[in-house]
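Scroll down for the structure; my scribbles are underneath it.
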Amino acid sequence: MLTFSLAALATLAIIAAYVYREQPAYTWDYGAYWRTFQDYGQYLAADPWPALKRIFDGIESQDYNPAGVLPLFPFYVLFGPGRIAYVSAVALMYLLPTAVIATAIFHRLAKNPVAELTSIFVMALTFVPFWAPTLRGMLDIVGLVFLGLATLLLFKSEYLRHRPVRNGLLLGLMIWLPFLFRRWYAYSIVIFFLAAFLVGTAKALYERAGTRAIANLCGGLAIAGIVLCGLAFALQHGLVVRAFTTSYADLYSAYQVPFPRHLEMLAERLSPWMIALIVIGAI
């Protein structure tokens, strides 16, 4: 608890120092959700019920809906609409939990379960790709909270061997939430299902758990997929229809780069230090 409290204080100090020196020359992506935070904070404070209707209308149809700022509303009430209050809210609600969940995933995977977790938490908390969008005022990290929880659920249920119906329902909800908050998490969701099936099947075969384990895995993933699709169609129907009828490859063709460049960008973002740690950890 002391470590988490100190981490929260350090996070707030870093954010205050960064925002104080920030030059708001680029206002589009970096300011979009901050303006949403301000606008919907005013709506909710003035008249909650029409504001909630406006929120659900936005969730139903908008590519960049206001769902991600709703958990931040208490910060608006307590600290106002300022930039420091907003970025601090994003960090405390999304970045810190992501670091905690990443530490928990390590704890589940570690060969030595009693390994010192404080250093792992510090490494997760100081991971630059977590901070870059957060300091810029973007909500990109929010999906990692729920993808991380979904991963922990897979671990706890032995890849849905246990209680596949209940865990499949819960998994579907967790997997839908990243898409609710940021639509481009749809790609991560597809990869999550594929990885869960491949790793779960390989694990069952390696442990000779029998066909029942694989059947439970497939059934649980099918239930999760049904829940995911049901929630998306029920609450985001306009967005889903538009996603199926829009060629995003053409829409974002100007942003495409060759595959080798993707690898270079990955190496640049991870840094040699982080790549070395990944290799050591894999060994």
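Throughout, read-outs are computed from the coordinates displayed, never taken from laboratory work. Note that the structure is a prediction, hence the values are computed from the model and not measured. Neighbour counts are summed over all protein chains in view; Cβ atoms, including those assigned to glycine, are modelled from backbone coordinates with ideal geometry.
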**Study point:** Loop chymotrypsin sites (Phe, Trp or Tyr not before Pro), region 4-50 (other Cβ atoms within 10 Å of the site Cβ: 11 or fewer; DSSP)
**Key:** Tyr26, Trp28
Check your understanding: Tell me, how many Å apart are the Cα centres for region 51-126 and for region 208-255?
Key -> 23 Å
**Study point:** Residue exposure sequence - Ile283, Ile14 - by fewest surrounding Cβ within 10 Å
**Key:** Ile283, Ile14
Review point. For region 157-165, what does the Karplus curve 6.51 cos²θ - 1.76 cosθ + 1.60, with θ = phi - 60°, yield as ³J(HN,Hα) per residue in whole Hz, taken in order and with x for Gly and Pro?
Key: 8, 6, 6, 6, 5, 9, 6, x, 6
Review point. Rounded, prolate or oblate: which fits region 130-188 when a ≥ b ≥ c are the square roots of the eigenvalues of the alpha-carbon gyration tensor, with rounded for a/c under 1.5 and prolate only if a/b beats b/c?
Key: prolate
Check your understanding: Build a GNM of the chain with springs between Cα atoms under 10 Å: which of Met174, Met265, Met123 gets the top mean-square fluctuation?
Key -> Met265
Revision key, fill the gap. If amide H atoms are modeled at 1.01 Å from N in the peptide plane, then the residues at a separation of 5 or more from Thr126, or on another chain, having amide H under 5 Å from its own are none
Check your understanding: Going by a ≥ b ≥ c, the root eigenvalues of the Cα gyration tensor, does region 150-283 fall in the rounded group (a/c under 1.5), the prolate group (a/b larger than b/c) or the oblate group?
Key -> oblate
Point to revise | Gaussian network model of the chain, Cα within-10 Å springs - most flexible of Thr134, Thr36, Thr98 | key: Thr36
Revision key, fill the gap. Quick note, region 159-202: a/c under 1.5 would make it rounded; otherwise a/b > b/c is prolate and the rest oblate (a ≥ b ≥ c, C-alpha gyration tensor); here it is oblate
Point to revise | Of the trypsin sites (Lys or Arg not before Pro) in region 140-220, those whose Cβ has at most 10 other Cβ within 10 Å and which sit in DSSP loop | key: Arg208
Study note, to complete from the structure: In whole Å, largest first, the alpha carbons of region 66-220 cover along the principal axes 57, 35, 23
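Rounded to whole Å and sorted largest first, what semi-axes of the equivalent ellipsoid does the C-alpha gyration tensor of the chain yield via the square root of 5 times each eigenvalue?
On the way: eigenvalues 201, 133, 81 Å².
Whole-Å semi-axes of the equivalent ellipsoid: 32, 26, 20.
Can you give me the orientation-averaged projected area of the convex hull built on the Cα atoms of region 1-92, in nm²? Mind showing how you got there, number by number?
Values: hull surface 27.5 nm².
Average of the hull's projected areas for region 1-92 equals 6.9 nm².
Based on DSSP H runs of at least 4 residues, each adding -39500 (n - 2.57), what is the mean residue ellipticity at 222 nm of the chain after dividing by all its residues, to the nearest 500 deg cm²/dmol? It would help to have the intermediate numbers written out before the result.
Numbers: 15 runs with 214 residues, N = 283.
Taken over the chain, the calculation gives -24500 deg cm²/dmol.
For the chain, give the magnitude of the charge dipole about the Cα centre (Cβ charges: +1 Lys/Arg, -1 Asp/Glu; no others), in debye to the nearest 20. Display every interim value, and only then the final one.
Working: 20 positive and 14 negative charges, 145 e Å.
The calculation lands at about 700 debye.
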Check your understanding: Taking the simple approach of a point 7 Å from Cα along Cα-to-Cβ for both Ala254 and Ile283, what is their distance in nm?
Key -> 4.6 nm
Practice item. Pull out the extension gain between Ala10 and Lys203, defined as 0.36 nm times the separation in residues minus the alpha carbon to alpha carbon distance; nm, one decimal. Key: 65.5 nm
